[in-house]
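First up is the structure itself, then whatever we jot down about it.
The values are calculated or read from the model by the stated rules, or taken from the named source; none is laboratory data. All values reported here derive from a predicted model rather than from experimental measurement. Note that we place each Cβ from the backbone using ideal geometry, even for glycine, and neighbour counts take in every protein chain shown.
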Amino acid sequence: MYNRVRQKEVMTVQSKTMDMSVHLYFEGKTIKDFLQFYAISKSNIYKLEVDKKLTINGHFERFDYQLKESDQISIDFKDIYTTTIKPHKGKIDILYEDLDIVILNKPPFLLVHPDGNTEDTLANRVLYHYEKQGYPFPVLPVHRIDLETSGMVIFSKHGLAHSYLSSLFESHDIKKTYVCLCMHPFKESSGVIDKKIGKDRHASKQVISPTGKDAITKYQVIHTEGKISKVEAEIIGGRKHQIRVHMASISHPLLGDKLYGSNQASDRCMLHFKKVSFVHPRTMKTETYYCPETF
């Protein structure tokens, strides 16, 4: 588990390619199999082969080449993964970094990604940080959290990691744990909320709906003080506003969440992305990263 660990050693002189030693898992598999595992699109696989942007042990090989453990694979993603995000100077809080990913602690009231109205977002700040270092690829977020939500945001450092991590979020193969402050004491110390969530046709919010998408929230009450309960919530589904909608649906809206029924004064919606676990793209091991809440 990583909890505000120092950054792992990263290259001081940045390579123009993404370089990786082939893991035993890919022994006997083809280059095409390797790229498909990381969710690289068919069109980008085609471009990489036609433009000879991928080499094995320093040489171009056709993509039916069968990989061997410890083959050195190098990929030039320069013309494949680009961004229109503009760099913007600003403070960032790096929790963890290695050759493939960087995990940051986002404060409340900072957007993850530009919305057309501001260019001072976490993504803009991260891009500035790495461009200043001369990093050859855009370092981009692979998911979002709400404006008022604090906690972890995962960024990819190259195209392979970006496609892979984005696919994990889409397929819900990432374990995500949040902590929140909810209104009222709970009758039960733990529970599971299994209710479909869809878009409200009459307001800019989400609602419980039989025609919505599947969503499951597992919760555990940490402690209760007066009218406020501190709760840990693991989400399966990752729907928009999932924890906020689910907790409100059982009469425990989040403290400060005016959109979903909280009438208790607070300077923000009290929700924090605390812990994440997933299979790392390079080590192929399940790693867990942790960011403690401040409330």
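Looking at (1) aliphatic (A, V, I, L, M); (2) touching a residue at least 60 places away in the same chain (Cβ under 8 Å); (3) touching a Gly at 6+ places or on another chain (Cβ under 7 Å), can you tell me which one ILE243 breaks?
Tallying (1) aliphatic (A, V, I, L, M); (2) touching a residue at least 60 places away in the same chain (Cβ under 8 Å); (3) touching a Gly at 6+ places or on another chain (Cβ under 7 Å), ILE243 fails exactly one: (3).
Sort through HIS252, HIS202 and tell me the only one that's assigned to a loop (DSSP other than H, G, I, E, B) and crowded, with 19+ Cβ neighbours inside 10 Å.
HIS252
For the stretch 131-146, which positions are out of contact with any strand residue (DSSP E or B) (no Cβ under 8 Å at 6 or more places or on another chain) and surrounded by fewer than 19 Cβ atoms within 10 Å (Cβ to Cβ)?
GLU131, LYS132, GLN133, GLY134, TYR135, PRO136
Can you tell me which residue within the stretch 272-291, out of those that are among the charged types (D, E, K, R) and closer than 11 Å to ILE174 by Cα, is surrounded by the most Cβ atoms within 10 Å (Cβ to Cβ)?
Filtering first and then ranking leaves LYS275.
Confirm whether ILE40 is modelled with pLDDT of 95 or more, in a loop (DSSP other than H, G, I, E, B), within 16 Å of TYR164 (Cα to Cα) and in contact with a helix residue (DSSP H, G or I) (Cβ under 9 Å, 6 or more places away or on another chain).
In short, yes.
Can you name the residue in the stretch 160-190 that is closer than 15 Å to ILE236 by Cα and free of Cβ contacts under 8 Å to residues at least 40 places away in the same chain and, of all such residues, is farthest from the chain's Cα centre (by Cα)?
SER171
Do you know which of the residues in the stretch 183-199 that are touching a His at 6+ places or on another chain (Cβ under 8 Å) and outside any strand (DSSP E or B) is farthest from TYR260 (Cα to Cα)?
In this case the residue turns out to be PHE186.
Can you confirm whether the stretch 205-215 contains a residue that is modelled with pLDDT of 95 or more and in contact with a Pro (Cβ under 6 Å, 6 or more places away or on another chain)?
No, that holds for no residue.
Out of all the residues in the stretch 189-204, is one or more touching a Gly at 6+ places or on another chain (Cβ under 8 Å) and under 20 Å from HIS272 (Cβ atoms)?
no
Under 7 Å by Cβ, and 6 or more places apart or on different chains, what pairs join a residue from the stretch 75-93 that is among the small types (Gly, Ala, Ser) with one that is part of a loop (DSSP other than H, G, I, E, B) and surrounded by fewer than 17 Cβ atoms within 10 Å (Cβ to Cβ)?
Sorted first by the residue in the stretch 75-93, then by its partner, the pairs are GLY90/ASP120.
In the stretch 99-158, which residues are in a helix (DSSP H, G or I) and farther than 28 Å from LYS258 by Cα?
Result: ASN124, ARG125, VAL126, LEU127, TYR128, HIS129, TYR130, GLU131, LYS132.
Please enumerate the residues belonging to the stretch 212-238 that are surrounded by fewer than 23 Cβ atoms within 10 Å (Cβ to Cβ), touching a Gly at 6+ places or on another chain (Cβ under 8 Å) and part of a loop (DSSP other than H, G, I, E, B).
GLY212, ASP214
Please go through the stretch 62-98 and pick out each residue that is buried (at least 17 other Cβ atoms within 10 Å of the Cβ), in a strand (DSSP E or B) and not hydroxyl-bearing (Ser, Thr, Tyr).
Of everything in the stretch 62-98, those that are buried (at least 17 other Cβ atoms within 10 Å of the Cβ), in a strand (DSSP E or B) and not hydroxyl-bearing (Ser, Thr, Tyr) turn out to be ILE73, ILE75, LEU95, GLU97.
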